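Here the structure is laid out as structure tokens; the discussion comes afterwards.
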Amino acid sequence: MTKTSINLQDLRRRIYDKAKSEPEWRFWGLYTHVCKTETLQKAYKMAKENNGAPGSDRISFEDIESGGRDEFLQQIQQELQQRTYKPLRNKQVQIPKANGGTRTLGIPSIRDRVVQGALRLILEPIFEADFQDGSYGYRTKRSPQEAVQRVATAIAQGKTTVIDLDMKAYFDNVRHHILLEKVAKRVNDANIMHLLKLILKATGKKGVPQGGVISPLLSNIYLNEVDKMLEKAKETTKQGNYTQLEYARFADDLVVLINWHPSNSWLVEATGRRIKEELEKLQVELNQEKSKVADLTKGESFIFLGFEFRRSRSRNGKWMPYYTPKQEKRKKLIAELQEIFSKFTSQPVKKIIEQINPKLRGYCNYYCIGNSARCFSYIRYWVMKKVRRHLQRAAGRSGFGWKRWSMVYIYGTIGLYNDYKLKRYTQAA
């Protein structure tokens, strides 16, 4: 693809620019860049930063570092160049779900994570140029909070009829032949396609593993035509500068918001029908029990990315979006914190704080937008009381020690997490 030697960052930028300027171009000569030392080193660095558990071969990052990282990468490079690389089967891990079921994570070996990461580094800029504005999942410089804000902005604009779709076991049912056809529309490199087939076959006859490095990119490629259809619907129904439709998708979580006016009832039906048609082409099923059409003007609500959305009046009487952390998420956090307090009853308070601070930080960093203040106040007060009770018991006293333990001591001296401030996200134009 290029005759001169350039670094990985410049290569990715050139690939993106080419893909953006020529939407029909099929890229060739990509495989040699996947095999480059710089690409493999970058892929290894990203894998190590995520610090995941070992795969089915039980080889950890510590094992690799002690045995020689360069030798490890050279071995991978040699296998790729000689076309002898074969991925291992993914390690299957069951993760409990909030509804009582389980979700299966497919954990590749570190060796396979490096290869997937290298392939992703080269393919990503091609398809990033093709992805639509309403797609937010696992994309560079895009966050769940921005997707949530996009939805909130649409509600503020009067788009209060919401098509809330739940895709049934989406990641587990991605059809490999359909996915490969989509990739081949942009990639004219037999070695790349063969490597991708090997990676997919390691997951079974269908599906992409939740836990695979390249899976987020592949899942976005698979649903990109759905996004394109919604972008077209958004444009064709536009009246002047005002749009009748908005959407946001984060991986398999998709919501479509349509202007409340009764004259748009046909648009609600047509959009729902077209989405189902596109998903049928992909052999993606909808969970009918969880998919619904919500009318926010009637006091109904919907869930998106862990937030519950509804409408409420502001102090000046204006209708505004009102979105708070899903109650089940708060209950889950409290249950996890309670387990830590119970487990470390006889331990020094700083041991407890070491355990709970990361959980509080993660929760607050995610839900620090919208109308989360009341939820945050509840959590902050609950945690503070638990810490005070622990301190009192350690001192052989009862109660909460409101006068004995100052806020400066609790949040300063022993370092309990205390950043419950909300942030204001503005939607990029």
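The values are calculated or read from the model by the stated rules, or taken from the named source; none is laboratory data. None of these values were measured; they are calculated from a predicted model. Because the Cβ atoms are built from the backbone with ideal geometry, glycine has one as well, and the counts that use them run over all protein chains shown. The protein model used for the area step is the full one, side chains on, heavy atoms only, and it has no ligands, DNA or RNA in it. Shrake-Rupley method; radii C 1.70, N 1.55, O 1.52, S 1.80 Å.
Worth pointing out:
- Residue within the stretch 286-295 that is within 20 Å of Phe376 (Cα to Cα) and among the charged types (D, E, K, R) present: no
- Checking the stated criteria, Leu80 turns out to be modelled with pLDDT of 90 or more and over 21 Å from the mean Cα position of the chain (by Cα).
- Test: residue in the stretch 238-261 that is part of a loop (DSSP other than H, G, I, E, B), among the aliphatic types (A, V, I, L, M), within 24 Å of Leu121 (Cβ to Cβ) and touching a Leu at 6+ places or on another chain (Cβ under 8 Å): no
- Residue in the stretch 187-195 that is open to solvent by less than 20 Å² (accessible area, probe 1.4 Å), in contact (Cβ under 8 Å) with a residue 24 or more places away in the chain, of a type in the set (Asp, Glu) and out of contact with any helix residue (DSSP H, G or I) (no Cβ under 6 Å at 6 or more places or on another chain) present: no
- Of the candidates Ser66, Ser109, Ser56, the single residue that is in contact with a Ser or Thr (Cβ under 7 Å, 6 or more places away or on another chain), of a type in the set (Ser, Thr, Tyr) and open to solvent by 10 Å² or more (accessible area, probe 1.4 Å) is Ser56.
- Considering the conditions (1) over 19 Å from Pro23 (Cβ atoms); (2) surrounded by 15 or more Cβ atoms within 10 Å (Cβ to Cβ), Val226 is excluded by exactly one of them, (1).
- When restricted to residues that are of a type outside the set (Gly, Ala, Ser), within 29 Å of the chain's Cα centre (by Cα) and within 25 Å of Ser265 (Cβ to Cβ), the stretch 291-307 contains 8.
- Evaluation of Arg83 against the conditions (1) at negative phi; (2) in a loop (DSSP other than H, G, I, E, B) shows that the sole unmet condition is (1).
- Every residue from the stretch 252-297 that is closer than 21 Å to Gly137 by Cα, open to solvent by 70 Å² or more (accessible area, probe 1.4 Å) and among the charged types (D, E, K, R): Lys276, Glu285, Lys290
- Helices (runs of 4 or more DSSP H) (entirely within the stretch 121-228) containing at least 1 residues that are within 27 Å of Arg273 (Cα to Cα) and of a type in the set (D, E, K, R): 144-156, 176-184
- Members of the stretch 207-237 that are closer than 24 Å to Asp172 by Cα, among the small types (Gly, Ala, Ser) and in contact with a Leu (Cβ under 6 Å, 6 or more places away or on another chain): Gly211
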